[in-house]
Structures are given as structure tokens and as C-alpha cells.
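Participant: Below you will find the structure I want to go over with you.
The values are calculated or read from the model by the stated rules, or taken from the named source; none is laboratory data. What you see is a predicted model; the values in this text were computed from it and never measured. Cβ placement follows ideal geometry from the backbone for every residue including glycine, while neighbour counts extend to all protein chains displayed.
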Amino acid sequence: MGHLATHVLVVDDDLDVLTVLVAVLNDSGFVTTAADGADAMRDMLSGKGVPIDVIVLDCKIPGSRSRNWLFMLRRCGSPSS
């Protein structure tokens, strides 16, 4: 598979959804990082961790606004939508 080095950040507040998405992506050969909304945003804005190639984002995380996520991700140099 040609995407073995592709790093996917999976962001969801539902642990069951997060677990299934990570399992499917890992089985398909992707490298994944799983996080809930607060952890993911903090790490992305602080520049911690490995570079992310793709973001799978739950746009309905309680207490967050999906448009704010997209603007913040663009500002910190992450992949744009």
C-alpha cells in the first residue's frame, strides 16, 4: 500500500466511534493518533507530536464549533480543508 507513512489524526468525543475509526485506518496501513477534541486542539496549536497528513474530525463535538477548528488548524499550518 502506498500510504504507509500517512499519519491520520482522528478526533472524536465518542470513544466507540474513535476506536472503530482507528482500527479501520490501522488495518488499512495508516499511522493514527486518536484524541478527543480538547487534547487534539491543544496538541495541534502547541506543535507537539508528529506532523499530521490527514485529519478526520467530528464536527459536532460538544462545546466546540467546527468552523473555529478549521480556522485554527489553518493558522497553525495544518492541512487545510
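Participant: Working only within region 1-43, note down all residues that are in a helix (DSSP H, G or I), modelled with pLDDT of 75 or more and surrounded by fewer than 18 Cβ atoms within 10 Å (Cβ to Cβ).
Facilitator: L15, D16, V17, T19, V20, A23, V24, N26, D27, listed by residue number.
Participant: I need every pair where a residue in region 10-24 that is without any contact (Cβ under 8 Å) to a residue 40 or more places away in the chain has its Cβ under 6 Å from the Cβ of a residue that is of a type in the set (G, A, S), sequence separation at least 6 or different chains.
Facilitator: L18/A34; V22/A34
Participant: Pull up region 44-74, narrow it to residues that are modelled with pLDDT of 70 or more and among the charged types (D, E, K, R), then point me to the one that is surrounded by the most Cβ atoms within 10 Å (Cβ to Cβ).
Facilitator: D58
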